[in-house]
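First comes the structure, then the notes that go with it.
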Amino acid sequence: MSAATNFNFSVIVIPSAARSVAANLDFPTLNQSLSFALEVSSPSDFQTLYSQDSKGGNTFKGLLYVPDLDPTDPCDNHDLVPRNITRKANLPMDDLKLVAYAPLISQHCSRQYMYSAENDNVAAFIFYGVPPIYSNYTDPLQGEEYPFEYPVYYLDGAIGQPLMNKLSEYSANMSEVYNGFNLTEAGYDIRDYARIYAVISTRNTNPMPGLWLFLLVVVAVLLFIIGASSLLMHLFQFHYRRSLRRRIANGEVDLEGLGVGRITVPREFLAKFPLYVYIAENGGQATPPRQKAQDTTTPALPTSKEGGKKKERVRVPSAVVVKEGVSIIIPATATSERKSKGKERVKDKQRSPTTVDTPTSPEMAEVSTSKGLTLSSPTAPSTKPRSSPKTQSPSTSTPQLTGSQTPTTTTSLPHPRGYHQTSCPICLDDFIHQETTVRELPCLHIFHPECIDPYLESQSSLCVLCKQSCLPKGYVPIRLTNAIVRRERLLRSVRERSREVAAATAANNGDAEGGILWRWRLRRLRRQEQDLMGRQALVRAGRGYGERARGGGFGLEPQYREHRVVEDVVRPRWRETMDRIFPGFR
Amino acid sequence: MAAIKRISRELAEFNNNPVAGISAGPVSDDNLFKWNICLTGPQGSPYAGGLFTLDLTLPTEYPFKPPTLNFTTKIYHPNVSNDDKGSMCLAILRSDNWKPSSKIIQVLEMAVGLLIEPNVEDAVETSIADEYKNSPDSFKKTAREWTNKYAK
């Protein structure tokens, strides 16, 4: 059975000339401002009493009228039915579709109305409820098998009675209907008919609409909850990531200690690690060591080396020349621009080898040029007397002129100390005094650049000897994933917990017995620790060959590899999906 | 290739200064990454008189990555796994402790040292470690038995 969803009443104009356009009732509606229109769509205002239509989705339309009854029938002359109501005789054509309309007065009356409508071309029947003083009767179908084909609807009295009155206003010709004067003034033909036209829309009613609706609501609520919590967790995770990034930048978190996988040294940092000419620890006493261009990348190495040698050869007889651009202990912020500048200067240098000789002063120890390339210092004592004119002494005696950007006198800055290391720990070749170029890492360990550079670039950021990070403090070399955040939080909580436990143990006078809760906490802590260690080991293992094969070698972006290593720690696909929806959920 | 250069160098060094009780060398000339090792059981240990063969595998990243050491001769020792791998647990062979400056010969010397004095803290065979700790006599007895049985 299909239920009505919507009742629409409007006034249409049927031209008097139209005699045969019957079927579709495709007539213009009357100017709405001069007539009336009514839309009933609130489910509480109507009911579907009967309908044979099972599909639904139909609309029943027709001109609204009150079926004729036997003139002697008391139902017909009822107070509720106005005298001048639209009857069948008031309709312009016989073959128009109709919608019958009548008050629900009694069983007898509704029967009479329905039988009468049966003889007319009725699309539907609408009963409306009447005030209780007339009748309490609400069900015209009561008692009997319903013999009619048209659907029957019930309209609430509060809407039904005014509509009945309206119906009485549209029964005569144009000049006599409601607002008739204005209508004819507005150009409507006086001979045309203005009648109320009813359209009833229906839809199929599901036997269990409530259940489906309920399910739908439940699903919607669930989805909402999921969405909201997902959003919340993403927000939280975002916050955690940001705070971790901040803490890393502040140097509070040691990334390597997190075991998040491979962290490498980007080329631009690598290029900033100074290159020196190797000076043995005690070999450099007689002749102050010379220093080499630092901003030289490995490929450029041979040239700079040559340059250094040339320099030296030419320099010996030369006079003192002032060269620009000294900066002292430059923080590692050099850009590639500076690098290229540096190279240019090397060339420049080769063309006109002019260097400055100054005596080595002990306080120069900490001074290393990173920009200037005029770094040769006397190798033979004989050059010393000739060097350092008076004009230069002020600048040399004030090595603390930090990063003077203005061109100043150049100080040649020899490498302050010799090295304990006598050979490269990687290839085991001995360094040759004053000949081998060595790369000095921030931890002051030295290597052949060709040995250490590829390793730092592709394998690790740690010095192979002391395992100290070569990256500047606070540099965040990897993409911080939620997994890293989680690991960091776990590590921190474990650390905090063990501190707590230690404190509590101390307070307990080392009595580890304690209560049940205490023992449980201890166990839990140990388990967490083990879990963490295990996972770290896994990650460490992943840094070996397996990871390399999986990650597709070293050509991959370091970030990508990091990401993989951490996320890859044997997790099923559904967990990853869960993680994407609920980041940080464990 | 850096690794090959370094390994050949170590090999040459070892051949020039052989260490008593240790013989070592690559399996073949074209594969320097696999070494056959022969250790004689150090005097004063329950392994004395035995001849233990080991496999040394060097990773392609050597010396950045540590080598692995496996006993092919069965040995009753807390730090050697009692399975067909016979992997030896040496502290310096763990990747966090490994330094590229460590040489193969040093690793082997450490291994010999471990034969003399097992490291209970780092044991892979905890039951043997417990025995070594609690009843050293029975440990020595079994170790000697095994040496006689497998390493002669």
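Return the average number of partner chain Cβ atoms within 10 angstrom of each residue Cβ along peptide A:425-432.
Details: counts 6, 9, 7, 9, 3, 0, 0, 0.
Taking the mean over all residues of the peptide, I get 4.
Ranking B:E109, A:E457, A:E488 by Cβ neighbours within 10 Å, fewest first, what do you get?
Values: B:E109 14, A:E457 18, A:E488 22.
Exposure proxy ranking, most exposed first: B:E109, A:E457, A:E488.
List, in order, the whole-Hz ³J(HN,Hα) value for each residue of segment A:212-224 obtained from phi through the Karplus relation with A = 6.51, B = -1.76, C = 1.60 and θ = phi - 60°; use x for Gly and Pro.
Using θ = phi - 60°, the values come out as 4, 4, 4, 4, 4, 5, 4, 4, 4, 5, 4, 4, 5 Hz.
In whole Hz, with x marking every Gly and Pro, tabulate ³J(HN,Hα) for segment A:113-120 from phi via Karplus 6.51 cos²θ - 1.76 cosθ + 1.60, θ = phi - 60°.
For segment A:113-120, the Karplus-derived couplings read 4, 5, 5, 5, 5, 4, 7, 8 Hz, x marking Gly and Pro.
How are the Cα pair distances of segment A:2-205 distributed, in percent, across 5 Å bins from 0?
Calculated over all Cα pairs of segment A:2-205, the distribution is 1, 8, 16, 20, 21, 17, 10, 5, 2, 0, 0 percent.
Rounded to the nearest 20 Debye, what is the dipole magnitude of segment A:2-205 about its Cα centre when Lys and Arg each give +1 and Asp and Glu each give -1 at the C-beta? Before the final figure, lay out the partial values.
On the way: 12 positive and 23 negative charges, 78 e Å.
The dipole magnitude comes to about 380 debye.
Could you sort B:83-96, A:110-123 so that the peptide with the highest average Cβ count within 10 Å comes first and the rest follow in order? Kindly include the intermediate steps, with their values, before the conclusion.
On the way: B:83-96: 15.2, A:110-123: 19.2.
Packing proxy ranking, top to bottom: A:110-123, B:83-96.
Per-residue mean of other chain beta-carbon atoms within 10 angstrom of the beta-carbon, peptide B:100-107?
Values: counts 11, 9, 1, 2, 0, 0, 0, 0.
Mean number of neighbouring Cβ atoms from other chains: 3.
Give me a comma-separated list of calculated 3J(HN,Hα) values for segment B:44-55, in order, Karplus coefficients 6.51, -1.76, 1.60 applied at θ = phi - 60°, integers in Hz, x for any Gly or Pro.
x, 10, x, 8, 4, x, x, 10, 10, 9, 9, 10
Write out the trypsin sites (Lys or Arg not before Pro) in segment A:162-244 meeting two conditions: DSSP loop, and at most 16 other Cβ atoms within 10 Å of their Cβ.
On the way: sites: A:K166, A:R191, A:R195, A:R203, A:R241, A:R242; in loops: A:R191.
Qualifying residues, ordered by number: A:R191.
Shielding by partners for A:462-473, please: the mean number of other protein chain Cβ atoms within 10 Å of each residue's Cβ. Walk me through the numbers before you get to the answer.
On the way: counts 1, 1, 6, 3, 1, 4, 0, 0, 0, 0, 0, 0.
Across A:462-473, the average partner-chain Cβ count within 10 Å equals 1.
At a 10 Å Cβ-Cβ cut-off, how would you order B:T68, A:T422, fewest neighbours first?
On the way: B:T68 16, A:T422 13.
Exposure proxy ranking, most exposed first: A:T422, B:T68.
For the pairs A:K467/B:K5; A:K473/B:K34; A:K473/B:K5; B:K85/B:K140; B:K5/B:K152, flag any whose C-alpha to C-alpha distance is greater than 30 Å.
A:K473/B:K34; A:K473/B:K5; B:K5/B:K152
Most exposed first by the Cβ proxy, i.e. fewest other Cβ within 10 Å, how do A:D68, A:D79 rank?
Values: A:D68 17, A:D79 9.
Exposure proxy ranking, most exposed first: A:D79, A:D68.
Search the structure for amide H atoms under 5 Å from the amide H of A:S16, placed 1.01 Å from N in the peptide plane, and list their residues when 5 or more places away or on another chain.
It is A:D192, A:Y193, by chain and number.
Give the distance, in whole Å, between the Cα centre of segment A:148-191 and the Cα centre of segment B:94-124.
Value for the Cα centre distance between the two parts: 107 Å.
We did not get these values from a lab; they are worked out from the coordinates using the rules stated. Just so we're clear, the structure is a prediction, and the values are computed from it rather than from any experiment. So basically every Cβ, Gly included, is an ideal-geometry build from the backbone, and we count neighbours across all protein chains shown.
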